1. Can you report the number of residues in the stretch 364-379 which are modelled with pLDDT under 95, of a type outside the set (Gly, Ala, Ser) and either in contact with a Ser or Thr (Cβ under 8 Å, 6 or more places away or on another chain) or open to solvent by less than 10 Å² (accessible area, probe 1.4 Å) (or both)?
2. Considering the stretch 258-270 alone, what residues qualify as being under 25 Å from TYR40 (Cα atoms) and out of contact with any helix residue (DSSP H, G or I) (no Cβ under 6 Å at 6 or more places or on another chain)?
3. Restricted to the stretch 468-487, and to residues that are of a type in the set (Val, Ile, Thr) and open to solvent by less than 30 Å² (accessible area, probe 1.4 Å), which residue is farthest from ARG48 (Cα to Cα)?
4. Take residues that are buried (at least 17 other Cβ atoms within 10 Å of the Cβ), of a type in the set (A, V, I, L, M, F, W, C) and out of contact with any Lys or Arg (no Cβ under 9 Å at 6 or more places or on another chain) and tell me which of the helices (runs of 4 or more DSSP H) falling wholly in the stretch 200-288 contain 3 or more.
5. Residue by residue through the stretch 549-568, note down the ones that are surrounded by 12 or more Cβ atoms within 10 Å (Cβ to Cβ) and more than 25 Å from the chain's Cα centre (by Cα).
6. Please state which one of ILE249, ILE236 is more than 18 Å from the chain's Cα centre (by Cα), under 30 Å from ASN443 (Cβ atoms) and at pLDDT 95 or above.
7. Looking at the stretch 294-347, which of its residues are over 30 Å from LEU368 (Cα atoms) and β-branched (Val, Ile, Thr)?
8. Testing ILE103 on (1) of a type in the set (A, V, I, L, M); (2) open to solvent by 20 Å² or more (accessible area, probe 1.4 Å); (3) assigned to a helix (DSSP H, G or I), one condition comes back false. Which one is that?
Amino acid sequence: MFQVKKINNLKAWIISAIFFIAIIMWTLWQFKFNYMISMYDSFFHAERIYEIRQAFAQNTLPAWINYNTFFHTGQAINGMYPDFTLYPFVRLTNFLTPIHQIIAIRSLIIMVTYVVSYLTLEKHFDSTNAALSATIFVLSGGILKDLINEMQTGTSLVMIVAFPLAFCLKDIIESKQIDYKLMLEVALLMTFVANSHLLSIISLSIVIGICLVINLVFKRNYKAIVNLGLAAVGTIVLSAPIIYRVIVISKTGLNAPFSQGRIESHSLLNFLAGAAWNAKNSISYLAILLIVVTIIFINKNQFKNITPWLLAEILLVILCTNIVPWSWFNSVPIINNFQNASWRFALYLSVIPIIIFLMNFGNKRARLILISLTVLSYGMSFQAAYNAQYQYTSGFPILNEYSTDDIPKEGVAKLTSTGINSDRIKRTLVPDYSPASVAVKDNSNGFSFSDQNVALLSNHLAIVNGKEIPLNSSGDAYSTKLTGNNLPKGTVTLPYFHYKSLKYRIMVNGKPAKIASESNGLVQINNKTDLKAVTFEIHQVLPVGYLMITVVAVLLYLLGLFVVFRYE
């Protein structure tokens with residue numbers, strides 16, 4: 001038995017080595033281009049990474065408002081988007097150029113996802129099969145799409161803990177005894193999700209709630225409520241920094257993210273029609289293959305164990321479609337930010353098929369099928385990566401510091417290191433989480449500012465006594481600088497957002513100044529003299545309470561990890 005296990009472990013090491021070599025080769029291949037094919041939200045998340053990069057390069061914490069990106073308008077994108085789980089990846093890669101850093105982060109995330117998936121599956125199944133399963137998992141579905149196509153950093157980080165979450169959530173929903181270790185494990189995992197992508201924790205909570213109710217009806221395991229309740233309390237405590245951030249910023253009153261109150265969903269047939277190998281908003285071909293094979297060759301001895309997993313998969317599919325009347329939730333706070341139902345639930349559709357497949361088949365039989373699927377996965381992922389890099393890309397503009405043509409909101413570009421924070425990227429001039437008093441364009445579904453504000457913000461125009469003064473903008477880890485010439489005395493409205501709930505330090509030509517008031521959510525300053533040259537320096541002061549809460553939460557999280565691993 002020991003010899004068999006040793007051989008299986010060796011095979012698992014070889015399979016893992018092949019995977020890591022393949023990812024390293026992909027990374028080096030991407031490095032040689034010195035640009036990244038970027039589209040849609042890839043621009044958005046690239047600028048988030050760049051902002052964190054700048055802060056770490058100067059050994060400070062990222063601010064809640066964006067100094068270097070999003071048109072240098074001081075928008076609170078950083079503060080409203082969870083980013084703690086992204087910090088280690090940025091810190092590790094800060095020696096690279098900005099565009100190489102983003103490529104490396106994408107590769108590191110998929111590597112960590114592989115390791116966590118393998119270690120989790122290896123606890124429950126044969127180690128060789130666990131390695132093969134982890135390989136096909138990360139080389140398909142949304143994980144592969146995040147690597148080679150549109151980058152959604154938050155959701156890709158969530159997928160790191162997909163398998164441990166699946167097992168722990170099933171255990172706690174079905175728990176019949178008070179289990180403090182299980183509570184702690186769930187709290188730690190859900191905290192990781194909360195600090196990666198807030199809407200993912202909402203979607204997971206919906207799935208957990210439905211499954212819990214079903215179990216209560218049929219099994220009456222009421223102690224699961226206690227376990228889940230205490231795990232939820234632990235998650236809230238450990239997630240206190242991001243909760244604090246969001247609450248404080250939201251006190252200003254914010255413009256909603258686009259499509260708030262308009263949750264889209266599709267019919268089951270249309271949802272299934274969107275299936276692809278690297279599907280993110282539908283089910284992947286891999287998941288379909290595993291489900292079909294499992295059902296055709298169902299092991300009657302495992303049927304009872306497999307059934308709860310299959311029901312959970314069916315529930316996820318239903319939540320992705322208009323079988324659920326999502327329009328009823330358009331007025332429900334938080335849930336009305338879902339935008340598209342399949343975006344929130346389809347992420348997890350490849351997790352359960354792998355688990356039920358491994359449960360259904362014996363080790364040897366499963367291995368033969370998994371080897372075939374692994375070979376197929378490498379082939380399909382290579383084809384997808386090749387197409388993403390070369391298909392239709394010849395006409396894409398190269399975006400750098402010298403670019404003069406705008407990249408429209410639905411545009412695609414070859415993004416370089418000097419183009420990451422370019423004012424040419426119209427995708428990053430969005431109303432999301434700007435002060436609510438900043439006017440949004442009518443009938444734009446919350447996707448555009450009013451024409452007047454677009455002109456003001458995109459061209460960096462100050463307004464003094466009705467006169468427009470062009471400014472130059474720049475930023476570092478500590479502040480945004482706006483410079484201009486021939487500024488007359490009077491009330492100056494700057495192209496910079498004013499969040500009333502945040503504290504600012506503002507300097508005018510090196511002298512402290514106060515925000516006089518706000519004009520449509522923008523900073524106003526009283527200028528008492530004519531100035532031939534002027535420099536406005538704006539810095540957001542992080543609350544001391546936030547720093548203290550962050551330190552405590554990090555220490556508690558590390559303590560929790562120590563307790564769990566020590567117990568293991």
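1. 1
2. If the condition is that a residue be under 25 Å from TYR40 (Cα atoms) and out of contact with any helix residue (DSSP H, G or I) (no Cβ under 6 Å at 6 or more places or on another chain), then PHE258, SER259, ARG262, GLU264, HIS266, SER267, ASN270 are the ones that fit.
3. Checked the stretch 468-487; the qualifying residue farthest from ARG48 (Cα to Cα) is ILE469.
4. Of the helices (runs of 4 or more DSSP H) lying wholly inside the stretch 200-288, those with at least 3 residues that are buried (at least 17 other Cβ atoms within 10 Å of the Cβ), of a type in the set (A, V, I, L, M, F, W, C) and out of contact with any Lys or Arg (no Cβ under 9 Å at 6 or more places or on another chain) span 223-238, 240-250.
5. Those that are surrounded by 12 or more Cβ atoms within 10 Å (Cβ to Cβ) and more than 25 Å from the chain's Cα centre (by Cα): VAL563, VAL564.
6. So the residue among ILE249, ILE236 that is more than 18 Å from the chain's Cα centre (by Cα), under 30 Å from ASN443 (Cβ atoms) and at pLDDT 95 or above is ILE249.
7. ILE318, THR321, ILE323, VAL324, VAL332, ILE334, ILE335
8. So the condition that ILE103 fails would be (2).
The values are calculated or read from the model by the stated rules, or taken from the named source; none is laboratory data. This structure is a prediction, so every number in the text was calculated from the model and none was measured. Neighbour counts are summed over all protein chains in view; Cβ atoms, including those assigned to glycine, are modelled from backbone coordinates with ideal geometry. Surface accessibility is based on the protein's heavy atoms, side chains included, excluding ligands, DNA and RNA. Shrake-Rupley method; radii C 1.70, N 1.55, O 1.52, S 1.80 Å.
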